[in-house]
Amino acid sequence: MKKDNPFTLTFGKQPNEYISRYENTDTVISTFEADNPVSQAYLIEGIRGSGKTVLMTSITNELGKDKDWVVIDLNSTQDLIDDCAMRLLDSCKRFPNIFKQGFSISIAGFGIGVDGNDSPKDSVSIIDEILSSFKKHNKKVVITIDEVLHDDNMRHFASQFQIFVRKNYPVFLIMTGLYENIYAIQNDPALTFLLRTPKIQLEPLSLHQIFKQYAEIFQLGEEQARNLAKITKGYAFAFQALGLLYYEYRDEMELDAILSKLDDMLDDFVYKKIWMSLSKQDKDVILSIKKENTKVSDICKKLNMSSSVFSRYRDRLIKRGLLMSSQHGYVSLTLPRFEIIAKSYE
């Protein structure tokens, strides 16, 4: 009987077959656990399907192994301050003796009471009270927000978080987001502290590690495993999707048929959404790239575009994680098989 497929397409879940980003994980954990952290926040930026949420999850899973760490996951579509207060209140169940005698907490009534008398407080006061008690008992809180949005909700929360940091509370923040959202948040005049917040820009996964996992799982020779790894271009979603399909169909389908199914998955889960977020000019640039290391001069000629105008679109697409320029005068698409799938969008 065939074993359960070790790969998954579930976004954000740490898969059974997972390529660790050791350097990124160690950087955040060592910073947060330092006696005098150089930063109490980190931003993780990357394109859809690049593994932002999985990295954040792996970091908080490691921190959560320590009984003195509390992990609070917030929903960016909810009121972040209220959501944070509720999550912190709920976390207090783990520490029944953390507050002084006579101090009571009511989640149902959303209040905090002293000497048995409930006295409703606003969310900020509740958070402040809990963080103050956590500090006295050497507890630390890491807050996560996945796929942050640049809106008043985020502005309000980030401003309040900065106040908690100024009070020297043991509170830390990890946020993930697309380039455009992270850029907007960092350049908001009301959120200047985020401009100085360290940012992790996700690079492609190690092809060597992908090759090793494919070779071991599928019992493949070196050349065949390396060819499979190269198809993914280190794109986290493609690593999982190709692995899932190859595991399922390798005994009954040729590789071309499996790649056709891979194209459908990439299109349905990720690429269609990416394409819809692009401007017409961005799309034109991408459609003009037919192969690895396409000459910039050929693109400009095809699009009747000056090199200075092209450079603006090139730089923007590089920042968004869609383009790379490994050598002067040439560009390539970073996403696997994107040039094939994008043709259907014309």
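The values are calculated or read from the model by the stated rules, or taken from the named source; none is laboratory data. Worth saying up front: this structure is predicted, and the values here are computed from it rather than measured. Positions of Cβ are generated from backbone atoms using ideal geometry, with glycine treated the same way; all protein chains shown enter the neighbour counts.
Before moving on, here are some points about what is shown:
- Those residues of the range 299-346 which are within 28 Å of D264 (Cβ to Cβ) and among the polar types (S, T, N, Q), in sequence order: S332, T334, S344
- Of the helices (runs of 4 or more DSSP H) entirely within the range 259-346, those holding at least 2 residues that are surrounded by fewer than 13 Cβ atoms within 10 Å (Cβ to Cβ) and not hydroxyl-bearing (S, T, Y) occupy 272-276, 307-319.
- When we screen N168, N227 for residues that are part of a loop (DSSP other than H, G, I, E, B), exposed (fewer than 15 other Cβ atoms within 10 Å of the Cβ), at pLDDT 95 or above and of a type in the set (S, T, N, Q), the only hit is N168.
Per-residue answers, yes or no, for (1) part of a loop (DSSP other than H, G, I, E, B); (2) modelled with pLDDT of 95 or more; (3) not aliphatic (A, V, I, L, M):
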{"position": "D128", "(1), (2), (3)": "no, no, yes"}
{"position": "T144", "(1), (2), (3)": "no, yes, yes"}
{"position": "N153", "(1), (2), (3)": "no, no, yes"}
{"position": "F164", "(1), (2), (3)": "no, yes, yes"}
{"position": "I174", "(1), (2), (3)": "no, yes, no"}
{"position": "A184", "(1), (2), (3)": "no, no, no"}
{"position": "L194", "(1), (2), (3)": "no, no, no"}
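Every residue, every condition in (1) over 22 Å from P198 (Cα atoms); (2) at pLDDT 95 or above, yes or no:
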| position | (1), (2) |
| --- | --- |
| S20 | no, no |
| S30 | no, yes |
| I44 | no, yes |
| G51 | no, no |
| S58 | no, no |
| D66 | yes, no |
| L74 | no, yes |
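- Count - residues of the range 239-258 that are assigned to a helix (DSSP H, G or I), surrounded by 13 or more Cβ atoms within 10 Å (Cβ to Cβ) and not hydroxyl-bearing (S, T, Y): 10
- Selection status of T197, in contact (Cβ under 8 Å) with a residue 24 or more places away in the chain and among the hydroxyl-bearing types (S, T, Y): yes
- For T8, the conditions (1) within 15 Å of the chain's Cα centre (by Cα); (2) at pLDDT below 95 are fulfilled apart from (1).
- Selection of the range 197-213 for residues being closer than 20 Å to I29 by Cβ, assigned to a loop (DSSP other than H, G, I, E, B) and not β-branched (V, I, T) yields P198, L202, E203, L205, S206.
- Residue in the range 95-102 that is hydrophobic (A, V, I, L, M, F, W, C), at pLDDT 75 or above and assigned to a helix (DSSP H, G or I) present: no
- Residue match in the range 79-93 (condition: outside any helix (DSSP H, G or I), at negative phi and at pLDDT 90 or above): yes
- Some residue of the range 83-90 being more than 21 Å from E147 (Cβ to Cβ), crowded, with 18+ Cβ neighbours inside 10 Å and either out of contact with any helix residue (DSSP H, G or I) (no Cβ under 6 Å at 6 or more places or on another chain) or of a type in the set (S, T, Y) (or both): yes
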